[in-house]
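The values are calculated or read from the model by the stated rules, or taken from the named source; none is laboratory data. These numbers come from a predicted model, not from an experiment. Backbone-built Cβ (ideal geometry, glycine too); neighbour counts: all protein chains shown. These area figures cover heavy atoms from the full protein model, side chains too; ligands, DNA and RNA do not enter into them. Shrake-Rupley method; radii C 1.70, N 1.55, O 1.52, S 1.80 Å.
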Amino acid sequence: MTRQDHEAFGRQDGVDVAIPATLPKLRGLDHTLPMLRQGYDFIRTHCDALGVDGFRIRLLGKDAVCLRGPEAAQLLYGADGLTRKGAMPATVLRLLQDKGSVQQMEGAEHRRRKALFIRLLMGEGRVDALVRGFEAAWRSQIRPGLNITVMELANNALARAACHWVGLYPSEGRLARLTRILFDMSDRSGHFGPGTLKTLWQRRGVERWIANEIRAGKAPERSPLTILANEMPPDVAAVEALNLLRPIVAVGRYIAFAAKALHEHPIWCGLFNSGNADYIPDFCEEVRRTSPFFPFTAAMTEREVTWQGATIPAGTRVIFDIHGTHHDPRFFPQPDRFRPERMLDWTLDDPAFAPQGAGDVATTHRCPGEAATLALMSSAVRMLCCEMRYDVPEQDLSVAMNRIPAQPASGVRIRVHSID
Ligand code: HEM
């Protein structure tokens with residue numbers, strides 16, 4: 001890297017901005033394609049090669065900085081002067097959170113909407129009710145001779161449970177289509193192509209259906225759908241209802257990674273099966289640390305901000321490397337080893353462990369669904385280890401690190417022998 005590289009000037013919307021010399025700049029005109037090609041390992045590979053925790057790139061034709069480590073998490077989940085608006089490419093935004101959603105708000109408006117999500121997802125009995133529905137829907141599928149992938153088993157159960165928990169009661173045919181669409185919304189978020197456009201179009205159809213259900217007023221009084229509908233117009237409530245349904249189905253991906261980990265480390269299943277189910281959450285937290293799910297999160301600087309003494313100018317996209325931080329030996333010794341004994345715990349609020357964001361859930365963009373995610377994963381692990389006997393036939397369990405979001409290639413196929 002030359003001194004010129006360090007002192008290069010970037011251009012933001014026609015204004016020249018000096019980017020501080022302390023953050024090195026990667027060679028090349030634009031790094032969008034290399035980032036997509038390298039996927040989860042892009043930021044950490046370059047950080048390691050440069051011996052830094054942050055560097056500058058050009059992404060989608062604009063200046064961006066890539067950062068890793070707990071201080072980077074604290075910047076994205078705690079510092080003033082950042083916004084999620086404009087941080088994600090339009091297709092990713094539209095497939096995941098969408099315009100008008102809590103994730104696109106800041107300040108007082110964000111805190112008000114976020115309080116609603118916290119009430120719906122962390123209020124007394126809410127997660128328990130969701131888990132009960134999930135377990136019933138999972139058990140109803142299990143029978144001796146069943147040959148299915150854990151991903152499909154979990155997605156079916158999660159979609160049914162999520163709809164009923166939210167206050168929607170689709171016909172069996174609609175539920176089957178909805179399950180696929182909800183899965184595709186996350187699954188296609190890292191791709192651009194005809195499949196993405198199709199899912200975007202299908203998403204609009206689902207939003208219209210939910211808005212019509214709201215207008216028909218059929219949802220139970222205390223259901224999340226009614227609570228959302230009492231606070232906002234039906235089309236916005238439909239967007240936010242999808243921000244409950246879609247991520248609940250996305251937990252199926254973590255459940256598939258958990259099933260892969262159970263297969264590769266059978267000692268844990270034996271332990272859970274012999275009266276030590278209390279360790280299941282530790283196991284699931286280690287699955288969340290090791291599994292490639294959200295590779296990064298992103299924000300835009302609304303004004304100049306400082307990170308480790310370096311100034312990041314207004315209008316810069318800031319990308320926090322979740323996966324690289326989780327695999328950094330400074331924060332997780334022997335990071336490639338699967339070790340539930342680390343006893344990670346999202347409630348302890350360690351900014352190095354940020355699979356669903358970090359910081360104060362009420363005032364930052366940290367995910368309000370962590371309690372639900374962990375409870376659903378723990379329930380699935382318990383049912384896999386303690387309620388059924390199955391084998392895992394020969395299959396491809398490899399994980400392509402350049403496919404976002406990643407998954408075990410086969411989806412983790414199992415053959416059920418008996419029910420305990
Ligand atoms: C499948 C596991 C999940 C993963 C990997 C995940 C990941 C994340 C991440 C990384 C963020 C932060 C985005 C940002 O910083 O801009 C986030 C925010 C969010 N998540 Fe999750 N999440 C999951 C499950 C859930 C669940 C189960 C729900 C609800 C049922 C949920 C609802 C939300 C919402 C509404 C936000 C936006 C919060 C805000 O902007 O204040 N997520 N999630």
- Note on the structure: Of all GluC sites (Glu not before Pro) in segment 317-420, the ones in DSSP coil with at most 14 other Cβ atoms within 10 Å are Glu387, Glu394
- Per DSSP H run of n ≥ 4, the term is -39500 (n - 2.57); total these for the chain, divide by its residue number, and report the mean residue ellipticity at 222 nm rounded to 500 deg cm²/dmol. -15000 deg cm²/dmol
- Query: So how much slack lies between Thr83 and Ala362, counting 0.36 nm per residue of separation and subtracting their Cα-Cα distance, in nm?
  - Reply: 98.9 nm
- R0 of 35 Å, Cβ-Cβ distance Asn276-Trp209: FRET efficiency to nearest 0.05: 0.20
- Task: Taking only protein heavy atoms into account and a 1.4 Å probe, give the accessible area per residue of the chain in Å².
- Result: 43
- Task: Set the Förster radius R0 to 56 Å, insert the Cβ-Cβ distance between Asp396 and Glu304 as r into 1/(1 + (r/R0)^6), and round the FRET efficiency to 0.05.
- Result: 0.70
- Using a probe of 1.4 angstrom, how much of the accessible area of segment 38-92 is carbon and sulfur, in percent? 50
- How much length, in nm to one decimal, is gained on full extension between Glu264 and Asp48, taken as 0.36 nm per residue of separation minus their Cα-Cα distance? 74.9 nm
- Query: For the chain, what percent of Cα pairs sit more than 29 Å apart?
  - Reply: 46
- Folded to 0 to 90 degrees: helix 234-264 orientation relative to the chain principal axis, Cα: 80
- Query: Over what distance in Å are the Cα centres of segment 26-65 and segment 204-223 separated?
  - Reply: 42
- What residues of segment 330-368 lie in the reach of a label at Met122, counting those whose backbone N is under 18 Å from a point 7 Å from the Cα along Cα→Cβ? 345-368
- Zone of Arg132's modelled label, taken as backbone nitrogen in segment 346-385 under 12 Å from a point 7 Å along Cα→Cβ: none
- Query: Quick one: helix 126-139 against the long Cα principal axis of the chain, what's the angle to the nearest 10°, folded into 0 to 90?
  - Reply: 60
- Message: Give me the extension gain from Glu231 to Ala108: residue separation times 0.36 nm, minus the current Cα-Cα distance, reported in nm with one decimal.
- Response: 42.7 nm
- Query: With θ set to phi - 60° and the Karplus curve 6.51 cos²θ - 1.76 cosθ + 1.60, what are the ³J(HN,Hα) couplings of segment 188-195 in order, to the nearest whole Hz, using x for Gly and Pro?
  - Reply: 9, 5, x, 10, 10, x, x, x
- Message: Apply the a/c threshold of 1.5 to the C-alpha gyration tensor of segment 278-325 and tell me whether it is rounded, prolate or oblate.
- Response: prolate
- Item | Cα gyration tensor, segment 218-369 - rounded (a/c under 1.5), prolate or oblate | oblate
- Pseudo-spin-label distance Arg177 to Asp30, built 7 Å along Cα→Cβ, given in nm, is 3.7
- Inter-site label distance for Arg330 and Met343 at 7 Å from Cα along Cβ, in nm: 2.6
- For segment 179-196 and segment 287-319, write down the distance between their C-alpha centroids in whole Å. 24
- Query: Tyr390's amide H: which non-local residues (gap 5+, or another chain) put their own amide H closer than 5 Å, with H modeled 1.01 Å from N in plane and none for Pro or chain starts?
  - Reply: His417
- Hey, can you grab everything whose amide H is under 5 Å from the amide H of Leu59? Only 5+ residues off in sequence or another chain; H modelled, so Pro and N-termini drop out. His31, Ala64
- Note on the structure: Everything considered on the Cα gyration tensor (a ≥ b ≥ c; rounded for a/c under 1.5, else prolate if a/b is larger than b/c, else oblate), segment 291-420 must be described as prolate
- Rounded D (µm²/s) - segment 342-412, Kirkwood Rh over Cα pairs, Stokes-Einstein at 37 °C, 0.692 mPa s: 218
- Message: I'd like the orientation of helix 172-187 relative to the chain: the angle between its Cα long axis and the longest Cα principal axis, in ° from 0 to 90, rounded to 10.
- Response: 30
- Message: Going Cα to Cα from Lys99, which lysines come in below 21 Å? Please leave out same-chain ones fewer than 8 positions away.
- Response: Lys85, Lys114, Lys198
